[in-house]
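The values are calculated or read from the model by the stated rules, or taken from the named source; none is laboratory data. The shown structure was predicted, so the numbers you read here are calculated from the model rather than taken from an experiment. Reconstructed Cβ throughout: ideal geometry from the backbone, glycine too, with neighbour counts over all protein chains shown. Accessible surface areas use protein heavy atoms only, side chains included; no ligands, DNA or RNA. Shrake-Rupley method; radii C 1.70, N 1.55, O 1.52, S 1.80 Å.
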Amino acid sequence: MEKSIEEINLRIQEGNAHIVTAEEMPGIVDELGEAGALKEVDVVTTGTFGAMCSSGAFFNFGHSDPPIRMERAWMNDVELYSGIAAVDAYLGVTQESETQGSAYGGAHVLEDLISGKSIELRASSKGTDCYPRKTLSTEILLHDLNEAIMCNPRNSYQRYAAATNSTDNTLNTYMGTLLPDYGNVSFSGAGLLSPLINDPKLKLIGSGVPIFLCGSKGMIIGQGTQSSPGTLFATLMTTGNLKEMSPDYLRAATFKNYGVSCYIGLGVPIPVTDLETVRNTAIRDEDIMTNIIDYGVPGRNRPTVKTVSYAELKSGCIELNGEEVRTSSLSSYKKAREIAQELKKWVSSGQMTMTLPTRPSDASRTVNPMRESKRTPRVMEIMNRNVTCISQDADIKTAAKKLLRGETNHLPVLNDENKVVGIVTTYDVSKAIIKENVNDSVSMVMSKNVISTTPGEAVDIAAMKLERNNISALPVIDEEGRLLGILTGTDLGKLLGKRWYK
Amino acid sequence: MKLLVKIHKKRGQEPIIARTVLDTGVLINVERANIESMSGEVLIEVADPEAKRVCDRLKEFGAEVERLEDSVCRNEEECIDCGECVSVCPQNVFSFDEEWNITLKTEKCVLCGKCVEACPHNALSLHQ
């Protein structure tokens, strides 16, 4: 280490430390060179303000008289996890209200508490000899609680994959509203201001390091859940005192058709101890690359559409498949800047000094997928392989006969190469017959926009397609678009009663 | 200028927008249309100097016409300047200024409501 923590802390205490934000650092290194910047700059502050689902708080409510051993507990009708102890409970930010649904959730309870609002606490119990009380209902304020400790399992992703949507329908996701046909790109993260992007080897950001957390002086517990520094997707587990937090830096949010999340403001001060730290903190948005992922694919492994830099994403517009596509940020860069500035004030005024991580972090680890001992059923296992179909040149009369004979309501329509080009239903045919168009070809009445499935698709996804599009059958096709079978609501019904299906 | 045109179908299926374009020679931009079985509402945009002529002609066809000055409202207390609204708006109403504050070009808004649904912070609304 070329500059020790003690040296930096001494300067902070004497009021002589030079503190800059990660946004200012690239310019300083340009001007002074790396060695010059190391000499000049003592601490680089970072900041981010975005939706961080994996957050929540532990509470200790104190004991009532007679006392209760809370087995279930709610704050403003949002259920807490109370399987810890009599009056300890954890509130997760994404938990939704039992009466208001996604309009109000755990994040809203936290925001209301730190805004000084009164919260209704309810609890129930079977009653024991030592805790005889069975029900409880009381109005509480944040300062009434013994402890309210924010403890967030996963915060502050190093960077995020950006999102787009290849399908014909708008998708409502945790990455916000994704317009059809690659209509927009949504991204998150503060780019060069993001804490972990400034310390990719996790040498200075780790256990015990003091941070800005929603306006309080918090601390890093260690790497967060799902942390994957080996792929530049590291995360942090963090903690802070809810009683010291401000609603300026903690905001509840609701994503349409997704649910509740919480915007968390977080900043980490990084002591500039050596040239490597200088280089790391001089990173620019142009150097931070991320993939744009197609959320139109409903599986875990979504295809990458393009790799772009945060500079491109922040510019408001990127080029995708030869077209200009507008970008939306989910996290607030303005707030991220405010946090980095606030942290700069804290360190400059000696309110916060630097600490090295108390334990080393493994910067090579990567995240694993779930081990699934039972594979969810696939379309091929329940699809109907004996499918009656029709050529696009056949007339309506033929279609009517086939529907009757095949005892089916859907006829996939094939072209000369046996590829599915449409689907015709009993309804389409009946309508044509009433209009006395029996000699028209099937291609004139068929639906051309065929919603289909593949043999390897999970049954859950196929069921969602039927429900979303309000249809009752999906042709099953191979990669070339050739017909392999058909999946109907009835086939899905066969799975009813089996374990996987509620 | 944005004009909200209310049409009543009791008067038959007259193509009154097309007629108005032909008669006045003014180009009309249809921003949004909501047609029910007995009535309809069409939001059109025309150049300010031509608005009176278009308005008069539409009224002669029996339509009600009002000048639309409302636009989406932003609650500055709730807004955190994230920018989720920027790319979902079909009219490019939202953008960032140099300090990363969200700014609105309210005159472009056609009250489609897409941003209201997309805003994670419930900061946008269509009525004052």
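Yes/no per residue for (1) open to solvent by 10 Å² or more (accessible area, probe 1.4 Å); (2) closer than 25 Å to A:Ala363 by Cβ; (3) part of a strand (DSSP E or B):
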residue: A:Gln226; (1), (2), (3): yes, yes, no
residue: A:Thr238; (1), (2), (3): no, yes, yes
residue: A:Lys243; (1), (2), (3): yes, no, no
residue: A:Arg251; (1), (2), (3): yes, no, yes
residue: A:Tyr263; (1), (2), (3): no, no, yes
residue: A:Asn280; (1), (2), (3): yes, yes, no
residue: A:Thr290; (1), (2), (3): no, yes, yes
residue: A:Arg302; (1), (2), (3): yes, no, no
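What do you reckon, is A:Lys335 within 14 Å of chain B (Cβ to nearest Cβ) and surrounded by 19 or more Cβ atoms within 10 Å (Cβ to Cβ)?
The answer is yes for A:Lys335.
For the range B:16-65, give me each residue that is open to solvent by 60 Å² or more (accessible area, probe 1.4 Å) and touching a residue at least 40 places away in the same chain (Cβ under 8 Å).
Those that are open to solvent by 60 Å² or more (accessible area, probe 1.4 Å) and touching a residue at least 40 places away in the same chain (Cβ under 8 Å): B:Arg19, B:Arg32, B:Glu45, B:Asp48, B:Glu64.
What do you reckon, is A:Phe49 within 27 Å of A:Gln226 (Cα to Cα), surrounded by 20 or more Cβ atoms within 10 Å (Cβ to Cβ) and either modelled with pLDDT of 95 or more or not acidic (Asp, Glu) (or both)?
Yes; evaluated as a whole, the condition is true for this residue.
Could you list, in sequence order, the residues of the range A:6-19 that are of a type in the set (Val, Ile, Thr) and closer than 8 Å to A:Asp42 by Cα?
Result: A:Ile8, A:Ile19.
Looking only at the range A:139-148, decide whether some residue is part of a strand (DSSP E or B) and within 11 Å of chain B (Cβ to nearest Cβ).
No.
Being in a strand (DSSP E or B), under 30 Å from A:Leu179 (Cα atoms) and within 14 Å of chain A (Cβ to nearest Cβ), is that true of even one residue in the range B:77-94?
Taking every residue of the range B:77-94 in turn, at least one turns out to be in a strand (DSSP E or B), under 30 Å from A:Leu179 (Cα atoms) and within 14 Å of chain A (Cβ to nearest Cβ).
Please find, among B:Lys114, B:Lys105, the residue that is closer than 22 Å to B:Ile44 by Cβ and either touching a Leu at 6+ places or on another chain (Cβ under 9 Å) or facing chain A (nearest Cβ under 8 Å) (or both).
B:Lys114
One line per residue, one yes/no per condition, for (1) assigned by TED's automatic domain parsing to the domain that holds A:Cys262; (2) open to solvent by less than 40 Å² (accessible area, probe 1.4 Å); (3) not aromatic (Phe, Trp, Tyr):
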{"residue": "A:Met175", "(1), (2), (3)": "yes, yes, yes"}
{"residue": "A:Asp181", "(1), (2), (3)": "yes, no, yes"}
{"residue": "A:Phe187", "(1), (2), (3)": "yes, yes, no"}
{"residue": "A:Ser194", "(1), (2), (3)": "yes, yes, yes"}
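May I ask you to say which residue of B:Ile28, B:Ile16 is more than 14 Å from chain A (Cβ to nearest Cβ) and at pLDDT 90 or above?
Going through B:Ile28, B:Ile16 in turn, just one is more than 14 Å from chain A (Cβ to nearest Cβ) and at pLDDT 90 or above: B:Ile28.
Among the residues of the range B:1-57, count how many are more than 28 Å from B:Gly113 (Cβ to Cβ) and touching a Gly at 6+ places or on another chain (Cβ under 7 Å).
Total satisfying the criteria: 1.
Being among the hydrophobic types (A, V, I, L, M, F, W, C) and either over 30 Å from A:His108 (Cα atoms) or open to solvent by 10 Å² or more (accessible area, probe 1.4 Å) (or both) is the filter here; which residues of the range A:265-277 pass it?
Within the range A:265-277, A:Ile270, A:Val272, A:Leu275 meet the criteria.
From (1) surrounded by fewer than 18 Cβ atoms within 10 Å (Cβ to Cβ); (2) away from chain B (no Cβ under 14 Å); (3) at pLDDT 95 or above; (4) not in a strand (DSSP E or B), pick out the condition that doesn't hold for A:Glu319.
Failing condition for A:Glu319: (4).
Determine if the range A:41-48 includes at least one residue that is out of contact with any strand residue (DSSP E or B) (no Cβ under 9 Å at 6 or more places or on another chain) and in the same structural domain as A:Val260 (by TED's automatic domain parsing).
Within the range A:41-48, not a single residue is out of contact with any strand residue (DSSP E or B) (no Cβ under 9 Å at 6 or more places or on another chain) and in the same structural domain as A:Val260 (by TED's automatic domain parsing).
Taking A:Pro200, is it under 17 Å from A:Lys344 (Cα atoms), open to solvent by 10 Å² or more (accessible area, probe 1.4 Å) and not hydrophobic (A, V, I, L, M, F, W, C)?
For A:Pro200, the condition - under 17 Å from A:Lys344 (Cα atoms), open to solvent by 10 Å² or more (accessible area, probe 1.4 Å) and not hydrophobic (A, V, I, L, M, F, W, C) - is not met.
For the range A:339-363, how many residues are under 26 Å from the mean Cα position of the chain (by Cα) and buried (at least 19 other Cβ atoms within 10 Å of the Cβ)?
Going through the range A:339-363 one residue at a time, the tally reaches 3.
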